[in-house]
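A quick write-up on the structure given underneath.
The values are calculated or read from the model by the stated rules, or taken from the named source; none is laboratory data. Model, not experiment: these values are computed from the prediction. When we count neighbours, we look across all protein chains shown, and the Cβ atoms used for this are built from the backbone with ideal geometry, even at glycine. When the accessible area is computed, the model is the full protein with side chains, heavy atoms only, and any ligands, DNA or RNA have been set aside. Shrake-Rupley method; radii C 1.70, N 1.55, O 1.52, S 1.80 Å.
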Amino acid sequence: MNKKKNLGRKYKVVQKCTMKLYTKKHQENTSMGEKVKGNLIIIGGAEDKYGDSEILRQVVDQIGGSSASLVVMTTATEKPQEAGDEYRNVFGRLGINSIDVLNIDTREEAEKDENVERIMNSTGIFFTGGDQLRITSILGGTKVYKALHDVYARGTAIVGTSAGASVMSGNMIVDGNSNDPARKCTLKMAPGLGLLEEAIVDQHFDQRGRLGRLLCGVAENPFMLGIGIDEDTAIRVHPNAHFEVIGTNAVTVVDGKSIKSSNVSELKPDEILAITNVTLHVLPKGYGFDMANRTVIRL
């Protein structure tokens, strides 16, 4: 009987130690610093293409300048030829010589080795605007999807504008009313590409009055960071889990960890959201944000 008791005590001790080790490892693996592996430039749409082109010039600089090998992915748009030609001209004017427009329009095309090779050989990937659900529904789980994650992990810059911005996060907004108070019915979400985890990205933010729907998204997922990016504005995300704001407008950061209460789980579809003690930052160029520690940086 004593042997059985001793074995039981030993089992409990081992179990406790194992749980502590698991908990510590789980916390380390799920920190924002572990989630951000590469370089992202996430643009709120309507970026300046023909003037100073501040954001796109930074894209060129990030991916290698005139020696860059850029892949422009037009999967999001139903007008791939038009979008591809425009960005080929824009990036050509900014000095890139090697520009490959890649339109993957079906899941069959997303499984082709030749398309994987084009991504693997690039120094930068650029997602155009359109419909973010087209990107995930066509690319999700395919060889091209894996290739995107592989090049991101090795440091290749991935850039997206408008719909190409929303798709960067683990959970993305696919539909929601603009210029409307925060209501439960205004928001529809789906899994994104998962390059920027623990965040929800919204675009055309101030110009289309999208604060209400981002607040609703953060209320439903308070551990996620809401990032609303204005037009002609972008965040440049670095591997150490901080971003800097570039462009002519602002980025709104909604931090839900401080929320004390909300009625989001009790709402009927058309009721107004109640949310208390949410933290909100509005950051123009010259500011950044440490996503791991959730603090504002003055650059």
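Here are some notes:
Yes/no per residue for (1) among the polar types (S, T, N, Q); (2) under 19 Å from residue 50 (Cα atoms); (3) open to solvent by less than 30 Å² (accessible area, probe 1.4 Å):
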| site | (1), (2), (3) |
| --- | --- |
| 74 | yes, no, yes |
| 82 | no, yes, no |
| 86 | no, yes, no |
| 113 | no, no, no |
| 119 | no, no, yes |
| 131 | no, no, no |
| 136 | yes, no, yes |
| 144 | no, no, yes |
| 150 | no, no, no |
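- Odd one out for residue 209, checked against (1) in a loop (DSSP other than H, G, I, E, B); (2) under 20 Å from residue 236 (Cα atoms): (2)
- Qualifying residue in segment 210-233 (condition: open to solvent by 30 Å² or more (accessible area, probe 1.4 Å), out of contact with any helix residue (DSSP H, G or I) (no Cβ under 6 Å at 6 or more places or on another chain) and of a type in the set (Lys, Arg)): no
- Pairs, first more than 19 Å from residue 40 (Cβ to Cβ) in segment 279-299, second open to solvent by 30 Å² or more (accessible area, probe 1.4 Å) and among the hydroxyl-bearing types (Ser, Thr, Tyr), C-beta under 6 Å, six or more apart: 279/258
- Any chance residue 182 is over 19 Å from residue 257 (Cβ atoms) and among the small types (Gly, Ala, Ser): no
- Any hit, segment 44-62, residues being surrounded by fewer than 19 Cβ atoms within 10 Å (Cβ to Cβ), touching a residue at least 40 places away in the same chain (Cβ under 8 Å) and over 24 Å from residue 227 (Cβ atoms): yes
- Each residue in segment 160-205 was checked for being within 10 Å of the chain's Cα centre (by Cα) and surrounded by 23 or more Cβ atoms within 10 Å (Cβ to Cβ), and 16 of them qualify.
- Considering segment 250-299, the qualifying strands (runs of 3 or more DSSP E), each wholly inside and each with 2 or more residues that are modelled with pLDDT of 95 or more and under 19 Å from residue 215 (Cβ atoms), run over 250-255, 279-284.
- Answer from 292, 250 - the residue that is surrounded by fewer than 21 Cβ atoms within 10 Å (Cβ to Cβ), within 18 Å of the chain's Cα centre (by Cα) and farther than 19 Å from residue 197 by Cβ: 250
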